[in-house]
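Inspection log for the structure reproduced underneath, given as C-alpha cells.
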Protein chains: 2
Amino acid sequence: MATRLSDVAARAGVSVKTVSNVINDYPHITARTRAKVEAAIAELDYTPNVSARSLRKGRSDFIALAVPEMASPYFAELGAAISRAAKKRGITVLIDQTEGEAAAEKLVLDGMRGQLIDGIIFSPITTAPARITSADTAKPLVLLGERHPGGTFDHVAVDSVQASFDATMHLVSIGRRRIAAIGVGGGAGTGSVRRKGYRKALKAAGLALDPALEVGGPGYHREDGAASMRELLALPEPPDAVFCFNDLMAIGALRALTDAGLSAPKDVAVIGFDDIEDGRYHSPSLTTISADKEWLAENAVALLLDRIAGTGEADRRDLTVPYTLTIRESTGG
Amino acid sequence: MATRLSDVAARAGVSVKTVSNVINDYPHITARTRAKVEAAIAELDYTPNVSARSLRKGRSDFIALAVPEMASPYFAELGAAISRAAKKRGITVLIDQTEGEAAAEKLVLDGMRGQLIDGIIFSPITTAPARITSADTAKPLVLLGERHPGGTFDHVAVDSVQASFDATMHLVSIGRRRIAAIGVGGGAGTGSVRRKGYRKALKAAGLALDPALEVGGPGYHREDGAASMRELLALPEPPDAVFCFNDLMAIGALRALTDAGLSAPKDVAVIGFDDIEDGRYHSPSLTTISADKEWLAENAVALLLDRIAGTGEADRRDLTVPYTLTIRESTGG
C-alpha cells in the first residue's frame, strides 16, 4: 500500500486536516506542528497526492506536446528540448504522436479530453490553419511550425523563406549553378514555403528556374530523399547541388549518391535543413540550416506557461526562431 | 465556446440527462429520442466530454510510455511503434521523458499523479530493480528492458546475452580475431549484460579476452562511440573488429574511423545493436542486431491493456522479443 495522508497524520500525532494544511502551505500553522508533519512525511517517504493539490490550484503541472511523428529525429530532438525546458520550471511534458491524423489532431484541439493537462504545444499537419485559428480549444495552446502565421494562438517558428534563401545562396557561393530542390511537394505546406526561399535565391543569383530540378514529396523521410536524388541523377543534365528541405531527405540523398558511385560535394553538393544530430556524424558530415531548438523550446514553454497562469500579453505573440547556416563536408566545409 | 451538453439538449428538445443517457448508451431510451439527440450532436459537431464518460467506465483510454530519452532514435522509433500499436486499439499514448532521473522515475512508479492515465509502459534507468519490483504502483505497469527479469511486473525484453553472443560470433565468422567491445561500462546495466554475451562468444571461439579491448561508458551516444574508437585506435595493437552495444555508438565509431583515414570493414569491421533507421542509410550501412520493435510494441501494449481490463493471466508474464542479425556493409555484407 502507498503511504496515505492518514498514515502521516498518525505518525505525526495530528489530524489529517492539519497534514493537508501543511502540504498545501496554508498559513496559521505553528513551526512545531509543521516540523512534526514534515518529519513524518520524510520518515514515511510520503508523496502528496498531487491531483488533490492540483484541484486546489487548478493546475496539474503537466503539459502536452503534440507532434506528427516521434521517430523523426527533428521532432524527437525538439521534444527532448521542450521536455528539458519544462522540467526546469517544474513541469512534466507528455508527448502525443498524432501521425498528422485528423482525429488525433482534433483530440488535441479539443483539449485532450481530460483534466490532467494544463496546456498544449501543438505542431499540426493535417488540420487546416483556418480551422485551427477558429477552433475553440478547451486548453491554452501554442502553435509550432511555419504554416500557421496569424490566427488566434501564440506561435513559434523559423523564418523558413529566409532560411531557404540562405541555404540556396550558400550553394551559389561555392560556385554551383545547377541547383535542385528536394521536398517541394511535401511536408504539409513546408514544401511551398521553402520553395519560395529557394526560388527567390535563384532569382537573386540570376539563375534560371528549371522545373525538372524541383522534385520530391509528399514524404519527408530518408527513402524519399534517396528516391528524389535517383530521379535527379537520371536527368539528361543532373544537378551539381541539391537543397533538401530537411536533413532526413539529405541523408537519403547522400546515400543515393554513394550507391551511384558519386560523392558529395565533388559531384553534387548537398545541404539539408534542421541540424539533426545524425547529420553531424554522417560521412560526409551534412551542411544544414541549424534552427536553435533550445531557444524554440524555452520560448514555446514560457509562452504556454504565461497563458496558463494568465500572465501572458493581451495580444497573441509570434516569435521567430534564430538559425545559423552550419557548413560541413557535404558542401566542402 | 465549445458546444456543451446543454446546447445539444436545447437543440434536441430534451433534457441534459437524456442527452447524457444517449451518449452513455444507457438502455430504456426510445429510438426516436436517440435519433433526435444524435442528430443534434451531429449538427453541433459536439464532442462528448470523455472525462465524464471515463469516470463512468473508470478508464481514460490514455496510457503513458516512460522512457529515459526521446532524442535517442531507439526510443523514438520504439515510442512511435507503441503509439501505433495502441492507436489500433483506440488508445492514445503519451510519452514521458524521464532522463533517467530518480524523481521523474518515482513520479512514474507513483502512477503519474493523476486520474487520466490507465496504465504505464516503463523503461527505467536509475530506479533499482529491487525498488521497482517492490514498488506499490498506483497503476498497472509493464516493464521494458533487459535489466529487470523477475519481479512483480509483466516484462518485455530482448535476450541481450544471446543477441550479443550472435553479434560477436558474426565478427568471428568473417575472420576477425581481435574483437573489441564498446559500451561495457554503461547503459545502466545494459553494458554488463551485453558484455556477458560478448565474452561468451570470445570463449566459444577460443579467443583470449583482452581487457584493453573492453571500453566505453557510461554514455551511449554518438560522441561516446567516437571517443571509444579513438581510444582503441591508439592502442599498440588496435582491434580488427568492434561490437558496439548500440547503433548510436557504432555510428560515432564509424565517424572516428573515417576521421583517422580508415574504413569499415576493411580496417575495422563494425557491428551495432538496435537497427535504428539511420544505420541503414549510413555510409557504410551498419550491420546490427535487429530486435523486432513492432512485436515488442504490440505485446507490451497488449499486456498492459489486459492488466487494465483485469483480463491478464494471474502470473506475471515475461516475454522475449525476437531479433535477427542484419548484415550490411560495415562488416562486408
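The values are calculated or read from the model by the stated rules, or taken from the named source; none is laboratory data. Here the structure is a predicted model, which is why all the values come from computation and not from measurement. Every residue, glycine among them, receives a Cβ derived from its backbone with ideal geometry; neighbour counts consider all protein chains shown. The accessibility values were calculated without ligands, DNA or RNA, using every heavy atom of the protein model including side chains. Shrake-Rupley method; radii C 1.70, N 1.55, O 1.52, S 1.80 Å.
Which of the residues belonging to the range B:239-259 are closer than 27 Å to B:Ala71 by Cβ and more than 12 Å from every other protein chain (Cβ to nearest Cβ)? Steps first, answer last, please.
Filtering the range B:239-259 down to residues closer than 27 Å to B:Ala71 by Cβ leaves B:242-259.
B:Val242, B:Phe243, B:Cys244, B:Phe245, B:Asn246 - these are the residues of the range B:239-259 that are closer than 27 Å to B:Ala71 by Cβ and more than 12 Å from every other protein chain (Cβ to nearest Cβ).
Just so you know, in the range B:69-99 the residues that are more than 17 Å from B:Trp295 (Cα to Cα) and open to solvent by 10 Å² or more (accessible area, probe 1.4 Å) include one that is modelled with the highest pLDDT, and it is B:Pro73. Here the range B:288-333 is the region considered, the condition is being in a loop (DSSP other than H, G, I, E, B) and of a type in the set (Gly, Ala, Ser), and the residue that is least open to solvent (accessible area, probe 1.4 Å) is B:Gly312.
What helices (runs of 4 or more DSSP H) lie completely within the range A:213-283 and have 2 or more residues being under 21 Å from A:Val158 (Cα atoms)?
Numbers: elements: A:222-233, A:247-259, A:277-281.
Of the helices (runs of 4 or more DSSP H) lying wholly inside the range A:213-283, those with at least 2 residues that are under 21 Å from A:Val158 (Cα atoms) span A:247-259, A:277-281.
Inclusion of B:Pro129 among residues that are in contact with a His (Cβ under 7 Å, 6 or more places away or on another chain), open to solvent by 10 Å² or more (accessible area, probe 1.4 Å) and modelled with pLDDT under 90 is warranted.
Within the range B:100-112, restricting attention to residues that are open to solvent by 40 Å² or more (accessible area, probe 1.4 Å) and within 8 Å of another protein chain (Cβ to nearest Cβ), which residue is modelled with the highest pLDDT? Talk me through it step by step, then tell me what you get.
Of the range B:100-112, the ones open to solvent by 40 Å² or more (accessible area, probe 1.4 Å) are B:101-103, B:106, B:110.
Cutting the leftovers down to within 8 Å of another protein chain (Cβ to nearest Cβ) gives us B:106, B:110.
On the way: B:Lys106: 77, B:Asp110: 73.
Filtering the range B:100-112 for residues that are open to solvent by 40 Å² or more (accessible area, probe 1.4 Å) and within 8 Å of another protein chain (Cβ to nearest Cβ), the one modelled with the highest pLDDT comes out as B:Lys106.
Test B:Ala269 against the stated conditions and say whether it is more than 14 Å from chain A (Cβ to nearest Cβ) and surrounded by 19 or more Cβ atoms within 10 Å (Cβ to Cβ). Yes, satisfied. Here A:Leu213, A:Leu262, A:Leu248, A:Leu233 are screened, and the one residue that is outside the structural domain of A:Ala71 (by TED's automatic domain parsing), within 19 Å of A:Ala291 (Cβ to Cβ) and at pLDDT 95 or above is A:Leu248.
Yes/no per residue for (1) in contact (Cβ under 8 Å) with a residue 12 or more places away in the chain; (2) under 15 Å from A:Asp240 (Cα atoms); (3) surrounded by fewer than 17 Cβ atoms within 10 Å (Cβ to Cβ):
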site	(1), (2), (3)
A:Gln162	yes, no, yes
A:His170	yes, yes, no
A:Gly175	no, yes, yes
A:Ile179	yes, yes, no
A:Gly185	yes, no, yes
A:Val193	yes, no, no
A:Leu202	yes, yes, no
A:Pro211	no, no, yes
